[in-house]
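Read the structure below first, then the notes.
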Amino acid sequence: MIATELLINLESIIPRERIKSGQNQHHHLGNNAQVSVFPTTEEEISLILKYANNHGKKISVMGGGTKRGFGGLTESVDILLSLSLYKGIVEHTVGDMTLTVKAGTTFYELQEYLAKHKQKVSLDPTWPEYSTIGGIVVANENGPKRLGYGSSRDVVIGLRNIYPDGSIIRSGGKVVKNVAGYDMNKIFIGSMGTLGVVSEVTVKLRPVAKYESLILISFKEGSIDEILMFSKALLDSVMEPVALELLSPTLSEKLTGQCTFTVAISFEDVESSVHYQEKFVKGIQPSGTEMDILSESEAQYFWHLFYTICPNGAKESAGEETEAALKIGVVNLNVLSIIKESQLLQDSYNLVVESHGGLGHGLCQVILKGSSQKVVLAIRQMRETVLKLDGYLVVKHLPFELRQKVDVWGGKPSHFFLLEGIKSKIDPQKILNPKRFIGGI
Amino acid sequence: MAVKKIKTKDKHIKNLATIVGDASSILYQKVDLLAYECDGFTVYKHSPKAVVFPKNTNEVSALVKYCSDNQLPFLARGAGTGLSGGAIPLNNEVIISLVKMKKLLNVDLENRLAVVQPGYVNLKLTNSISDKGYYYAPDPSSQSCCTIGGNVAENAGGAHCLKYGVTTNHILGLEVVLPNGDIIELSENGILDVPGYDLLGLLTGSEGTLGIVTKITVRILKSPESKQTVLAYFDRVDDGSQAVSDIISAGIVPAALEMMDKTAIEAVESAAFPVGHPRDIAAVLLIEVDGIAAGIDEQINQILEVCKKRNVREVREAKDEQERASWWANRKTGFGAMGAISPDYLVQDGVIPRSKLPEVLKRIEQISQESGLRIANIFHAGDGNLHPLVLFDARIPGETDKAILAGSACLQACADVGGTITGEHGVGIEKREEMRFVFNDEEIIAQTNIREVFNPKNLLNAGKLFPTPGRCGEIKQVMKEATTVS
Ligand SMILES: Cc1cc2nc3c(=O)[nH]c(=O)nc-3n(C[C@H](O)[C@H](O)[C@H](O)COP(=O)(O)OP(=O)(O)OC[C@H]3O[C@@H](n4cnc5c(N)ncnc54)[C@H](O)[C@@H]3O)c2cc1C
């Protein structure tokens, strides 16, 4: 009944058919709301925010919903603002290799469009068919190819941000190099929608590589030292892998059929260069390992599968088992310890644990499946391990109920007051994604 | 410790000297302060209250705390090569010079990172790891003297940033002294994506207005296996510009793609590093490709093809490392070379979408004609970052003003085609008003709101970066009164 007034007010902003009540109230991942709205113009988004800001209504912002299980300690807010209908290319100057796109465009749609021009956005998020570019940027999502291409902070050159008071604040611009004023793009990237609603994203593009291949080396003996030596040799060479990812045996079995620690090495360049690098890797291949080289469509198929291993928050219902996904950051080569530890967790907690980590960039993803109680215990143990290595652990996906038991973001940094300060300058009423971010921001 | 005597009654000077240990770490007498009245932007000068030289983070913190507690304006300074006036003590600041904090603290090749103090000079880092096959990518032309602290503050770029990115893409961690003296660590050990808003990214390029950087963790890269450099001469600027677009459209990502026009060529050929560029050509392109040797020839061939299609007069590859180095020395000393053909010059720093190059170059030509001042163009063509160099003679009354106006008009031309007013030199004092070419009032306030979070008293480097509402007239007047130019 409380929703009636809300509905009436929202109807004055956005047509009835793009307002839904009831539908998003009971998702097990939380981040629910009484009413969902699907704006198709920036003006509508701005008016909704302004309305909420003036009337003390709380908003949960959603793109494709893949990260619905990522943070959030409020089970249900007033309005779920979905950007899923706010999509499309705004501007693409092929020769400038820059593109502006509306936030609700899925990554898949974007890459399909760009492929016609032999260009791409050099990010590699999970679930490209579901993930929207806005969500990817705001949750700072990327994958193994970060080694070669960087992340949103390297790719995004401009944003349009709608502030809670409804004002539209541009950050950055449309050119690839820009130091006019503060680099405000950076605070929105990875802000989990707590500062404003990103409506448009401008990115710099890269050419699609002329050729690609993927080398899989499976370490039969499973000796961590051997993997370490091999990785060091490759990293100290002049080779230019765009990904150098260690897969845990469980994950490797799922993707390659081999239940061993496996190193996945990706090369993208002109064909002669790729083959030369393959040859180099063959030359340093440790004895007792098996090597497989997948080229072009085979390599692409591997990555296609790879991007579906993470739980997808956009799926409607909970499965039998509890699923969790962790993002872990450590100093590059400590990835080995994390992946090894995750494999041990699998046995000690009777879970299925799939994990991978970038030996050249230090970011890992650990996916856990099993009973909720065991999942929680395993996350806690993993966090202890990570803290000993001076790293951090963020829980990227977990059902709402369990997020009360595990601190999604870990402790607050000593400079937390600066984060709070930024939040209160931009969203003083705390209407956007309340309690979704670090330290209850 | 031999203690030099402080010869002043100013209690603040005495107290600041106590913090840095002795009188040899502070300058406060008028003659000693002259060199600190400006940085590389010499159009405007102002005297600091004092210059202090801390040796470590704790001293920086104590100095900052003292200034904050006593309402003394202060700012940080590196090598003073900034080109937009960021280190000019507009408000009689206490200058905290970081030049004594110049150590390389740690190199971790395996994890590809290095930790430096802010006063460490950019090129020294590459020099100290190159024997192991590594380097630090951001390469401003001033790299033999500018500091990495200054690079972080300005988010410096360089010729090779086209492929490898600018400073911000290579900063992994910072230790920062906040304007109240607190010391904070952002990603202490260089781990990526630490939870929280990306303060690392925000601090980089904040022109020393949010905090003083006292330690920097940077990413280092493995030197590419091979490099090849091509020089191409064009009789028409349009053809050169088109070649730039074609190279990029062909899916090549060159390490560098630089262009100089006729006036610039006249200057570099008259200066210390001539390489024999023909004086009558309209544009020269310097194109470098690097990476795996096996892939380079193919790309070079493509580049040669493109240039030929665009009516290149002559195009050739560097025959050896020596020739390559001489081409780069010629290019990298381009700004200073202006001294060979003009008593004074002003560097601008606009950025445009690459495809607008011919249009904007025509507009700059017009601005030159209208102002009666020659304008040379040296630029990072690959990323559309133009450096129009306005040539003038400050001894002629009114020419300094004319040069400032012409420079501003060039930036307007960049903004008009969807570009921006600075790609790497920063806003500083110089381009405060031009911020309005690219941001509206609300957007500027959004940024000053962020400054308030860090620098609520605005004692740290006040008056930089942002236009002051209602003060536009006043600033123009100040600019007018400025007379001394390099
Ligand atoms: C001939 C010449 C060529 C140049 N070429 C390039 C180029 O190719 N690319 C490019 O990007 N720039 C170039 N520059 C500009 C300049 O070298 C860069 O901006 C450089 O980063 C400045 O470093 P610095 O140590 O001299 O800093 P300074 O000039 O001393 O200071 C610059 C700003 O940074 C602040 N600052 C300095 N140190 C710190 C610190 N530790 N913490 C916080 N704030 C600090 C200062 O307050 C000031 O606002 C060139 C300059 C010259 C003179």
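Of the residues A:33, A:52, only one is outside any loop (DSSP other than H, G, I, E, B), surrounded by 21 or more Cβ atoms within 10 Å (Cβ to Cβ) and at pLDDT below 95; which?
After ruling out the rest, the residue left standing is A:33.
For the stretch B:42-52, state whether one or more residues are within 13 Å of the ligand (Cβ to nearest atom), at pLDDT 95 or above and over 22 Å from residue B:177 (Cα atoms).
Among the residues of the stretch B:42-52, not one is within 13 Å of the ligand (Cβ to nearest atom), at pLDDT 95 or above and over 22 Å from residue B:177 (Cα atoms), which makes the answer no.
Could you tell me whether the stretch A:194-202 includes any residue that is closer than 25 Å to residue B:434 by Cα, within 10 Å of chain B (Cβ to nearest Cβ) and modelled with pLDDT of 95 or more?
Checked against the condition, which is being closer than 25 Å to residue B:434 by Cα, within 10 Å of chain B (Cβ to nearest Cβ) and modelled with pLDDT of 95 or more, the stretch A:194-202 yields no hits at all.
Can residue B:214 be described as in contact with a helix residue (DSSP H, G or I) (Cβ under 6 Å, 6 or more places away or on another chain), within 16 Å of the ligand (Cβ to nearest atom), at the interface with chain A (Cβ under 8 Å from one of its Cβ atoms) and of a type outside the set (A, V, I, L, M, F, W, C)?
no
For the stretch A:77-101, name all the residues that are away from chain B (no Cβ under 14 Å) and surrounded by fewer than 18 Cβ atoms within 10 Å (Cβ to Cβ).
Hits for the stretch A:77-101 are A:85, A:88, A:89.
Within the set of pairs 6+ apart or on separate chains, which have a first residue in the stretch A:102-131 that is surrounded by fewer than 18 Cβ atoms within 10 Å (Cβ to Cβ), a second that is modelled with pLDDT of 95 or more and among the acidic types (Asp, Glu), and C-beta atoms under 6 Å apart?
Final answer for the pair search is A:108/A:129.
In this structure, is residue B:438 within 14 Å of chain A (Cβ to nearest Cβ) and at pLDDT 95 or above?
yes
Quick check: is even one residue across the stretch A:309-328 crowded, with 24+ Cβ neighbours inside 10 Å, closer than 27 Å to residue A:223 by Cβ and at pLDDT 95 or above?
Yes: one or more hits.
Taking into account only those residues within the stretch A:403-441 that are in a helix (DSSP H, G or I) and buried (at least 20 other Cβ atoms within 10 Å of the Cβ), which is farthest from the other protein chains (Cβ to nearest Cβ)?
A:403
Kindly evaluate residue B:372 against the criterion of being of a type outside the set (S, T, N, Q), within 19 Å of the chain's Cα centre (by Cα) and outside the structural domain of residue B:258 (by TED's automatic domain parsing).
Spelling it out, it is not the case that residue B:372 is of a type outside the set (S, T, N, Q), within 19 Å of the chain's Cα centre (by Cα) and outside the structural domain of residue B:258 (by TED's automatic domain parsing).
Find the residue count for the stretch B:111-144, including only residues that are more than 7 Å from the ligand (Cβ to nearest atom) and either among the β-branched types (Val, Ile, Thr) or closer than 21 Å to residue B:378 by Cβ (or both).
Number of matching residues: 12.
Which one of the conditions (1) away from the ligand (no atom under 14 Å from the Cβ); (2) within 11 Å of chain A (Cβ to nearest Cβ); (3) over 30 Å from residue A:440 (Cβ atoms); (4) buried (at least 24 other Cβ atoms within 10 Å of the Cβ) does residue B:163 fail to meet, given that it meets all the rest?
(4)
From the list B:357, B:411, B:386, B:346, which residue is within 14 Å of the ligand (Cβ to nearest atom), within 14 Å of chain A (Cβ to nearest Cβ) and under 23 Å from the mean Cα position of the chain (by Cα)?
B:386
Are there any pairs with C-beta distances below 9 angstrom linking a residue in the stretch A:331-342 that is facing another protein chain (nearest Cβ under 10 Å) and closer than 15 Å to residue A:245 by Cβ to a residue that is surrounded by fewer than 19 Cβ atoms within 10 Å (Cβ to Cβ) and among the basic types (Lys, Arg), with the two at least 6 apart or on different chains, and if so which?
These pairs meet every condition: A:333/A:232.
The values are calculated or read from the model by the stated rules, or taken from the named source; none is laboratory data. What you see is a predicted model; the values in this text were computed from it and never measured. Using ideal geometry, Cβ is built from the backbone for each residue, glycine included, and neighbour counts are taken over all protein chains shown.
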